[in-house]
Structure formats: C-alpha cells, structure tokens
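Undergrad: Have a look at the structure that comes next, please.
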Amino acid sequence: MFKHLKGDLFGGITAGIVALPLALAFGVSSGLGPSAGLYGAIFISFFAALFGGTNTQISGPTAPMTAVSMVVIAGIVAINDGDMNQALPAILTVFLLAGFMQIGLGLIGLGKYIKYIPYPVISGFMTAIGIIILVTQILPAVGYYPKEDGAYVKQFVPMAEENILEKILQEEAGEGILVLENFEETIKRAEDITPEDIQKEASSLAAKDASGVIGTFKVLPQALNNINWLELGLALATIFIIYGFKRITTKVPSTLVALVVVSGLAYGLGLDYRPIEQIPSGLPIPNLEIFTAFKLSSITPYIFTALTLALLGAIDSLLTSVIADNMTQTKHKPNKELVGQGIGNSIAAIFGGIPGAGATIRTVVNINSGGKTKLSGMIAGVLLLIILLALGPVASQIPAAVLAGILVTVGIGVMDYKGLKAIPHLPKDVTLGPLKLSSEVIIMLVVMVLSSTWNLVYAVGIGLIIASLMFMKKIGDITAKRSDVKPLREEVWSDEKDLPQKIKEEVFIKHIKGPLFFGSTNEFQQLAAQIPDTASTVVIRMGKMLYLDQSGLYAMEDVLQDLKQKNIDVLLVNILDQPKFMMERIGIIPDLIPPENIFDSFKSCIHWIGDNINAQP
C-alpha cells in the first residue's frame with residue numbers, strides 16, 4: 001500500500017481540498033447542516049477506500065445522494081413538528097439502513113447487474129437532481145428564508161392551530177380519554193398552548209410549503225420582493241470566481257478559491273452577512289440514539305427510500321469506478337466496492353453524516369495528482385478530519401450565500417447535457433395520436449419531471465417500469481418480425497415443392513420460425529381463419545420454434561381447439577423439447593394432439609398424409 005506513498009499523498013490531499021467546499025455545501029443543502037456534510041466526507045472517504053474495490057476511488061457526499069437525503073430529512077422533520085433534534089435519530093437510522101442495504105447488495109453479488117438500469121432513467125434522474133439543486137438554492141442565494149418572513153408565516157397560523165389541536169386529540173385518544181364526554185381535559189390542554197408554540201408550528205408549515213422545486217416557485221414572488229442584495233452579491237461573486245478561475249488554471253480547485261476569497265473578503269470587511277450553522281469543534285461523536293431511541297414505526301415509511309439511496313449510491317459509485325478503470329487501466333471489483341461504500345455510509349450515519357458515493361470529479365483529481373492506491377482515499381478523509389479539528393470555528397464563519405453559489409454551479413454541472421442534446425436525434429418509435437415520439441425521450445422526460453416536482457423514489461420506479469414495458473414491446477416486435485409467425489400465405493420450403501396436387505389442396509402447411517411468445521400470439525391466433533375451405537389437415541412445422549412461453553402456449557391451445565371443432569386434423573412436425581414439455585404440462589399433448597399425430601420428420605408426416613388422404617373416398 002505504501003509503494004506509491006508520494007503520489008497517494010498528493011492525490012489524497014488534493015482530493016480532500018476539492019471535497020471540502022462541496023462537503024459543506026451538500027451538508028447545508030441536505031438540511032442537516034455543514035457539519036453533517038463534513039462528517040459524511042470524512043468517514044465515507046476513509047472507510048469506502050479501506051474496504052472498497054476501486055483503488056483510486058474518492059468517496060463522499062454527492063449531488064444525487066444529497067437530493068434524495070433532502071427528501072428523507074424534510075419528511076421526517078415534518079413528522080416531528082419541525083424539531084430537528086427529535087427527528088435526527090430516525091433520519092440517521094434511515095441512512096444507516098441504506099448503508100446496510102449497500103453491504104447486502106455487495107454480498108449477494110448484485111454489483112454486476114447495476115449496468116442494466118436503462119440510460120434514459122439515469123439521464124432523467126441526473127437532470128432532475130441538477131434542477132432540484134439549482135432551483136432550491138435560489139432562495140438562500142437571494143437571502144430569503146420563508147420561515148423567517150413574518151408576513152408569509154402568518155398565513156399558516158390557522159393551520160398551525162388546527163394541527164396543534166389535532167395532536168391534542170390524538171394524544172387523548174392514545175390515553176383512552178373519550179373526547180366527546182370529557183371536553184374539560186381538551187380545553188385544559190388547549191389553554192397550555194402558548195403563542196410561541198403556534199408561531200413555531202406555523203414556521204414549520206411555512207418551511208415545508210416552500211420546500212422543493214414547486215415550493216420554491218410558490219414563494220419566488222415574495223423572495224424577489226425581499227432580496228438581500230448583500231447575500232445575492234456574495235452568491236454571484238462565488239459563481240463568477242468558480243467559472244472564471246477555471247479559465248486561468250485548473251490546477252487549483254476554483255470552488256475552493258471562491259470559498260476562501262469571497263468568505264475572506266466578507267469576514268475581513270465586517271459585512272453583515274448570514275453565516276452557516278456552527279460547526280462543532282472536537283472529534284465527531286457517535287449518535288447512540290440511533291440504537292437507544294430506535295422505533296420501527298418511524299422508519300417504516302422510508303424503507304423504499306433507503307433502498308433508493310442504496311441503489312443510487314451503488315450506481316453513482318460503480319459509474320465512477322468505470323471511469324477510474326479507464327484512466328488507470330485497472331479493473332475494479334464491483335461487489336467489494338458496494339460493501340466498502342455500505343460500510344462507509346453506515347459509519348458516517350452513526351456519527352451524524354449524510355450518505356455519499358464515489359465522486360467522479362474528486363476521483364479524477366486524485367488520479368491526475370498521482371493517487372494509485374486505497375491510501376489516497378484514506379488520506380483525503382484524514383485531511384478533512386484535521387481541517388475539522390483545526391479550522392472548525394473558522395469554517396463556521398463562511399457565508400451561507402457562498403455555499404448557495406457553489407451549489408448553483410453543482411446543479412448546473414450535474415445535469416446530463418449529453419442526454420438532453422440527443423433528444424432531437426433519437427428515433428421516434430412511439431405513436432401517440434398524431435404525434436410520433438421517441439420512447440427513450442418519453443422515459444427521460446417522465447423521470448425528470450416527476451423527480452423534480454413530485455417524488456424522486458417513485459419517479460425512478462415509474463421510469464424503470466415504463467422502460468421495461470417499452471423494452472419488452474420493442475424486443476417483442478423485433479422477435480415477432482424475425483420469427484415470421486404469419487397467418488397469411490406461407491413460403492414453400494424445398495421439401496414441399498414436389499407434393500402431389502391432392503395433398504396441396506387438402507393440406508395446409510404452417511411454419512413457425514422462432515419463438516412463439518407474447519409478442520407473436522395475435523398473428524398465430526388468426527391461423528384458423530386463414531385455412532382454405534378445401535383443407536382437411538393442418539401441418540405445423542415446429543423444428544425452428546426454439547421457445548414457447550405461457551402466452552404462446554395458450555394461443556396454441558385456442559387455435560388447436562378451434563381446428564378440432566372444425567374436424568380438421570392437426571399434425572406436429574419436429575417439435576423441440578421445451579415446447580413439447582410446455583404442451584404436455586397443460587394436456588395439449590395428448591388431449592388435443594395424440595402421440596400418433598406427432599412426427600420426428602416431415603418425410604414421415606407426408607407418408608402418413610399420403611396413406612390417410614389416399615384412403616379417403
């Protein structure tokens with residue numbers, strides 16, 4: 001491990017410096033505060049490197065993981081009346097569960113299957129992440145905080161009073177108090193409600209209503225009427241430096257330059273800006289309430305969200321691993337990488353950190369700076385811990401608007417422009433009324449819109465379902481076309497050309513080339529209607545039918561029953577093992593097709609036909 005110490009040292013230090021401003025920004029964006037982002041970066045970077053399967057991977061909080069974390073945090077905080085301290089154990093338990101799930105995914109060998117998630121789903125999701133981060137940072141960038149706007153909060157006071165009364169009634173019901181028979185107890189408890197309680201509840205409701213993309217647009221008019229020009233100036237200066245400094249040099253991270261320069265000027269000039277939340281000094285302390293105050297009911301609604309975090313972290317990490325492989329000409333171990341990421345996220349959750357994954361930019365910086373082994377990722381984590389211990393109080397003076405500016409650039413950068421640019425050029429393979437659209441564009445836009453405006457978890461699920469259905473239809477259409485399951489005039493095969501005229505008139509020969517499955521059943525079911533009136537026998541040549549699924553099986557049964565009702569003999573030729581097994585399972589053989597009507601060769605079938613047709617008057 002120490003063979004490439006110099007390169008790993010430079011790579012780890014550089015990656016750690018790049019990670020610092022992003023860790024703080026992602027922590028603020030998540031809702032848990034800058035320290036949560038820093039803790040996540042420290043523990044995930046160190047332990048994912050130590051136990052992971054990609055030597056040069058640098059892990060930590062990422063934009064996609066932070067966006068999903070925001071959903072978890074906002075939902076659990078809302079359930080707990082806006083009290084972060086009360087909600088924190090449940091939040092961290094969900095993050096811990098996501099880490100355990102990642103470990104499980106690695107142990108059962110699921111890493112190699114992540115690549116089968118369709119690109120349009122990933123593209124739509126990544127663009128939605130960019131939109132969410134970009135839009136939700138508008139309010140802090142202009143210095144507007146809805147829950148601190150008295151005029152905005154005031155409209156939620158009636159709802160706050162209603163919520164508080166409802167909680168009192170729920171408490172009484174839980175204690176077995178019959179409310180309708182004992183209003184005195186309700187009145188007594190209601191008298192204990194203070195104006196501060198109502199204001200706190202109203203502020204919580206206001207913050208919830210203004211959260212997310214839709215919430216931001218709801219309060220945007222108020223925000224634009226209450227712009228804090230100093231905060232906006234700090235945010236714009238940060239964005240300008242991030243993009244401008246890259247044109248000068250890329251050797252020094254422009255994000256870090258913007259953070260230091262703008263924060264230093266704001267603090268040095270004594271400007272009246274809003275700082276980020278206080279970063280605790282000293283070593284991170286494990287939050288044991290995850291275990292001591294554990295309640296299954298508090299995390300049950302978030303099981304699927306935890307699974308989404310686990311899968312998203314897996315995708316994010318393994319995609320970065322592939323990039324690292326291409327740069328270093330190495331081969332990562334996907335399942336080991338998932339175990340390492342899971343361990344890192346689990347430990348980070350115990351210490352109050354937000355979840356993360358392999359970070360592409362930080363990994364690339366590490367490789368370009370000389371990082372070659374796992375030591376580089378561990379050094380990056382240690383560096384961030386040293387910065388926390390030495391500069392925690394200093395970092396607490398960073399303006400909130402600076403981190404908002406950094407996140408705006410992250411939101412712009414994380415969008416999948418490659419997928420967006422491809423929209424006009426993708427084949428239009430779906431017809432909706434008069435419109436012809438691309439199925440891949442539909443999937444991408446559905447995931448993007450639903451993720452941005454509704455629910456990240458459900459959006460991905462819906463995108464996967466649509467993608468799967470469209471894939472099944474495409475493959476069904478292609479296979480049906482190649483299968484040549486046609487109800488109309490059949491192509492005459494070489495061994496059928498010299499048949500006697502009498503046989504040609506009375507025998508209808510059907511070829512099945514390729515599988516008979518759900519995509520080709522409709523054409524096959526039209527077979528009975530296409531048989532000429534002169535035919536008394538149908539020969540179905542099945543030597544090229546390799547597969548018969550359940551849909552095809554029942555279509556076959558329907559056709560054979562129709563032919564039997566018309567007193568038409570059906571002969572099967574060269575039936576292969578799998579279709580024969582399926583037909584025997586439901587009794588098509590021997591109930592509809594007796595063994596004597598099944599032939600190993602077309603020649604033996606023709607002999608039988610010749611004997612039987614010649615014997616007919």
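Undergrad: Report, in degrees rounded to the nearest 10, the 0 to 90 angle that the Cα long axis of helix 400-414 makes with the longest principal axis of the chain.
TA: 20
Undergrad: Which entry in (1) 167; (2) 242; (3) 155 is this structure's computed volume of the Cα convex hull per residue in Å³?
TA: Checking each listed value against the structure points to (2).
Undergrad: Given the peptides 64-76, 240-252, 565-577, 135-147, arrange them by the average over their residues of other C-beta atoms within 10 Å, most packed first.
TA: 64-76, 135-147, 565-577, 240-252
Undergrad: Evaluate 2.2 N^0.38 Å with N set to the residue count of segment 494-615, then give the Cα radius of gyration divided by it.
TA: 1.00
Undergrad: Which distance in nm do the two modelled labels at Leu391 and Leu283 give, with both placed 7 Å along the Cα-to-Cβ direction?
TA: Label at Leu391, label at Leu283, 2.3 nm between them.
Undergrad: Describe numerically, in nm with one decimal, the distance between label points set 7 Å from Cα along Cα→Cβ at Lys473 and at Tyr119.
TA: Modelled inter-label distance: 2.1 nm.
Undergrad: Take every Cα-Cα pair in segment 29-78 and report what % of them are more than 14 Å apart.
TA: 56
Undergrad: Ordered by packing density, taken as the mean number of other Cβ atoms within 10 Å over each peptide's residues, highest first, how do 286-292, 314-320 rank?
TA: 314-320, 286-292
Undergrad: Which of Glu161, Glu148 has the fewest other C-beta atoms within 10 Å, and how do the rest follow up to the most?
TA: In order of increasing Cβ crowding within 10 Å: Glu148, Glu161.
Undergrad: Still on this structure, please answer the following. Determine the calculated [θ] at 222 nm for the chain from helices alone, applying -39500 (n - 2.57) to every DSSP H run no shorter than 4 residues and normalising by the residue count; nearest 500 deg cm²/dmol.
TA: For the chain, the value works out to -21000 deg cm²/dmol.
Undergrad: Please list, ordered by chain and number, the residues whose modelled amide H lies under 5 Å from the amide H of Ile276; skip anything fewer than 5 residues away on the same chain.
TA: Ile398, Ala400
Undergrad: Continuing with the same structure: If you restrict to DSSP beta bridges whose two residues both lie in the chain, what percentage is antiparallel, to the nearest 5?
TA: Antiparallel bridges: around 30 percent, rounded to the nearest 5.
Undergrad: To one decimal place, what Kirkwood hydrodynamic radius in Å is obtained for segment 284-367 from all pairs of distinct Cα atoms?
TA: Numbers: mean 1/r = 0.0693 Å⁻¹.
Taking every pair of different Cα atoms in segment 284-367, averaging 1/r and inverting gives 14.4 Å.
Undergrad: Any chance you could give the angle, 0 to 90 degrees and rounded to 10, that helix 212-225 forms with the longest Cα principal axis of the chain?
TA: It works out to around 40 degrees.
Undergrad: Can I ask one more? If you count, for each residue, the other Cβ atoms within 10 Å and average over each peptide, how do 458-467, 97-106 line up from highest to lowest?
TA: Order by mean packing, descending: 97-106, 458-467.
Undergrad: Expressed as a fraction of 2.2 N^0.38 Å, the rule-of-thumb size for a compact globular protein of N residues, what is the C-alpha radius of gyration of segment 422-482?
TA: So segment 422-482 has a normalised radius of gyration of 1.23.
Undergrad: So what's the angle, to the nearest 10 degrees on a 0 to 90 scale, between helix 374-395 and the longest Cα principal axis of the chain?
TA: Once rounded, the angle reads 40 degrees.
Bear in mind these aren't lab numbers, they're just calculated from the coordinates by the rules spelled out. Everything numeric in this text was worked out from a predicted model, so none of it was measured. Please note: Cβ atoms are built from the backbone with ideal geometry, for glycine as well, and neighbour counts cover all protein chains shown.
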